[in-house]
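For reference, the structure discussed in these notes is given below.
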């Protein structure tokens with residue numbers, strides 16, 4: 001709740017906490033001690049029980065997950081084994097560099113741990129030129145899945161390995177969900193060199209920041225509550241954003257409680273999906 005039980009004064013620790021800024025002319029801001037007209041407002045934050053996808057960045061998140069190995073976080077292409085990679089990373093415009101590197105990585109099926117470069121001449125004799133043979137791509141050798149997006153969820157499509165002949169012929173395909181927590185862990189593994197090669201900035205646009213772990217709460221001047229009787233002392237009507245933030249806090253509380261109580265996985269997943277829905281509709285109302 002944003003207000004105390006009488007709905008006339010802001011509740012401490014609530015969405016209209018006096019530390020965020022003043023909501024009417026009689027009350028001064030507790031952070032800067034200025035009046036309503038002078039205080040610009042101060043941001044708060046909500047620490048989410050589980051990470052969620054940002055609806056504005058989910059396509060970019062999908063592309064980055066197609067470019068790196070999910071086990072070791074290494075870029076799937078490198079300058080020694082992939083022709084044209086050096087030209088791609090020399091592109092000055094980071095957006096164009098990102099697009100070119102993604103185009104090279106997206107069809108890779110493995111995080112290669114051996115070199116693909118030929119080490120000898122036509123006659124089969126070793127060439128006299130020194131060549132790197134023991135330090136090739138340096139990946140972990142794991143298979144790389146195809147990634148599919150359905151609304152606000154990502155899925156890794158892996159071909160099923162079974163001994164049964166019928167299913168082996170059909171090459172059964174399984175869709176394994178990539179949770180925001182998994183995606184966040186993968187994106188955190190990416191090295192700063194690979195970030196630069198992708199066209200991302202290590203100081204201002206780190207890949208793990210595309211996943212929401214802490215949600216900023218805008219101050220009351222951004223979402224002003226309206227006094228119903230016009231005097232500032234009576235009941236107050238809250239802004240739509242304040243109601244939505246209340247939904248997020250409740251959904252987040254449910255997620256944290258379920259984890260703390262050791263609830264079954266499917267119950268936790270339901271609460272996480274609800275939190276994802278509320279965060280997404282808070283940012284973009286058209287998703288609903």
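Things to note:
- Unique match (being surrounded by 15 or more Cβ atoms within 10 Å (Cβ to Cβ), under 11 Å from the mean Cα position of the chain (by Cα) and either in the same structural domain as residue 107 (by TED's automatic domain parsing) or without any contact (Cβ under 8 Å) to a residue 12 or more places away in the chain (or both)) among 60, 74: 60
- Scope the range 48-79; condition outside any loop (DSSP other than H, G, I, E, B) and either modelled with pLDDT under 90 or under 19 Å from residue 104 (Cα atoms) (or both); matching residues: 59, 60, 61, 62, 63, 64, 65, 66, 67, 68, 75
- Filter pass, residue 138 being at pLDDT below 90, within 30 Å of residue 174 (Cβ to Cβ), out of contact with any helix residue (DSSP H, G or I) (no Cβ under 6 Å at 6 or more places or on another chain) and not in a helix (DSSP H, G or I): yes
- Filtered residues of the range 244-283 (kept if loosely packed, with under 14 Cβ neighbours inside 10 Å and farther than 20 Å from residue 179 by Cα): 250, 261
- Residue selected from the range 230-258 under the condition under 14 Å from residue 220 (Cβ atoms) and touching a strand residue (DSSP E or B) at 6+ places or on another chain (Cβ under 9 Å), by the criterion modelled with the highest pLDDT: 245
- Here residue 197 qualifies as part of a helix (DSSP H, G or I), at pLDDT 90 or above and at negative phi.
- With respect to the conditions (1) in a loop (DSSP other than H, G, I, E, B); (2) free of Cβ contacts under 8 Å to residues at least 12 places away in the same chain; (3) under 30 Å from residue 157 (Cα atoms), residue 209 falls short on a single one, namely (1).
- Candidates 41, 13, filtered to the one that is at pLDDT 90 or above, at positive phi and not in a strand (DSSP E or B): 41
- Any hit, the range 113-121, residues being at pLDDT 55 or above and either surrounded by fewer than 17 Cβ atoms within 10 Å (Cβ to Cβ) or within 26 Å of the chain's Cα centre (by Cα) (or both): yes
- Residue in the range 10-27 that is farther than 30 Å from residue 286 by Cα, in contact with a helix residue (DSSP H, G or I) (Cβ under 6 Å, 6 or more places away or on another chain) and buried (at least 19 other Cβ atoms within 10 Å of the Cβ) present: yes
The values are calculated or read from the model by the stated rules, or taken from the named source; none is laboratory data. None of these values were measured; they are calculated from a predicted model. Cβ atoms come from the backbone with ideal geometry, glycine included; neighbour counts cover every protein chain shown.
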